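In what follows, a single structure is set out as structure tokens and then discussed.
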Amino acid sequence: MQQAMKIKLLLIVCCFTCSACSIVPVKSWQKATLAGETMRFGGPNPMIKKFDEHIYTSKEGTKGGGGVSGGGCGCN
Amino acid sequence: MKPSIFNVIPSAILLVLLFLLTPSTAFAVEVGDTLSEDLQKQLNIPEGQVGVVDFFASWCLSCAKEIPAIKKMIKQDSQQKMYVIGIDVDEELDEGIAFQKELAIDFPVINDVEQTIISEFSPIAMPALYYIIDNKIVGKHIGAVPNIDEKIINDLQKLGVEI
């Protein structure tokens, strides 16, 4: 019986632990911060963005993928 | 009786169900639903007119692109069959008002700073448009499309409203 209780307790702890890690999705109308200039690759300064892109291109051989089209509102 | 893992399976199932059901989804109005009395009062759509509710925000570029087309469409509606109402969901009132001034929005706008109205509609993306007849949601249009004015007129025609 004691072992069963232990397993139950373990399951309860697992559930609480998992729920603490749960992800709350951002709603479409809550994306003001995500759409901000500071959230862009390289930040709001276009010069820094250019340098950042240059570094990635020359050091890692990658290009693009630093932004999304649209206003970050989840629209087309 | 020797304790076994099978003895705790019902409890485990119950716990997992509780875990899954706890973050329950918020109530959202859908096509076919009637607006709550609070929403009816807030939107205040005149009787006999088709309500076109447009959700927008200053940070939503697609919303900004659509608004001039909506303004053009309102001018075409000489018989005033439509009642367009904008819901600005900006959390910062100043930003919202500046955006409305910048685009010279001339239709009624509710500043939903607390985002209570949009929470009731819960669109999956923005911009979001809802068509309301007699306080009942009869259609919706989610996401950005070019020539939204033509799209709205076509949608309303399908609903039996000629603009």
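Here are some notes:
- Cα-centre dipole for the protein assembly as shown with unit charges at Cβ (Lys and Arg positive, Asp and Glu negative), debye to 20: 1240
- FRET efficiency for B:ASN147 and A:LYS63, using Cβ-Cβ distance with R0 set to 41 Å, rounded to 0.05: 0.75
- For chain B, averaging the sequence separation of C-alpha pairs within contact (under 8 Å, six or more residues apart) and dividing by the residue count gives a relative contact order of 29 percent.
- For the pair A:PHE41 and A:GLN2, a Förster radius of 41 Å applied to the C-beta separation gives a FRET efficiency near 0.15, rounded to the nearest 0.05.
- Percent of Cα pairs exceeding the 26 Å cut-off, where the set is chain B: 36
- Of B:GLY51, B:GLY86, B:GLY143, the residue with the greatest mean-square motion in the GNM of chain B, using alpha carbon springs below 10 Å, is B:GLY143.
- Within a Gaussian network of chain B (alpha carbon springs, distance under 10 Å), most fluctuating of B:LEU35, B:LEU14, B:LEU61: B:LEU14
- 3J(HN,Hα) from dihedral phi, the stretch B:61-68, Karplus parametrisation 6.51/-1.76/1.60, rounded to Hz, x for glycine, proline: 4, 5, 5, 4, 5, 7, 4, x
- D_trans [Stokes-Einstein, Kirkwood Rh over alpha-carbon pairs] for the stretch B:78-163, 10 °C, 1.306 mPa s, µm² s⁻¹: 111
- Residue-count net charge about A:LYS50 - beta-carbon cut-off 14 Å; Lys, Arg +1, Asp, Glu -1: +1
- Chain lengthening between B:LYS81 and B:ALA104 when straightened (0.36 nm per residue, less Cα-Cα): 6.1 nm
- Calculated from the alpha-carbon coordinates, the protein assembly as shown shows an Rg and a Dmax of 24.4, 83 Å respectively.
- For B:ILE87, the residues 5 or more places off, or on other chains, whose built amide H falls under 5 Å of its own are B:ASP54, B:PHE55, B:PHE56, B:ILE110.
- Note on B:LYS41 and A:PHE16: with the Förster distance fixed at 45 Å, the Cβ-Cβ geometry gives a FRET efficiency of about 0.60.
- Rounded to whole numbers, the Karplus 3J(HN,Hα) couplings from phi for the stretch A:58-65 are 7, 8, 10, x, 10, 8, x, x Hz, using 6.51 cos²θ - 1.76 cosθ + 1.60 with θ = phi - 60°, and x at Gly and Pro.
- Net charge, B:LEU156 excluded, C-beta distance under 14 Å - Lys, Arg +1, Asp, Glu -1: -2
- The stretch B:89-142 and the stretch B:37-70: distance between their alpha carbon centers, rounded to Å: 5
- Among B:ASP90, B:ASP54, B:ASP77, the residue with the largest mean-square fluctuation in a Gaussian network model of chain B, with springs joining Cα atoms closer than 10 Å, is B:ASP77.
- The 1.4 Å probe gives accessible areas that order B:ASP88, B:ASP134, A:ASP52, largest first, as B:ASP134, A:ASP52, B:ASP88.
The values are calculated or read from the model by the stated rules, or taken from the named source; none is laboratory data. All values reported here derive from a predicted model rather than from experimental measurement. All Cβ positions, even for glycine, are placed from backbone atoms using ideal geometry, and neighbour counts span all protein chains on display. To get the accessible areas, we keep the full protein, side chains included, count just its heavy atoms, and leave off ligands, DNA and RNA. Shrake-Rupley method; radii C 1.70, N 1.55, O 1.52, S 1.80 Å.
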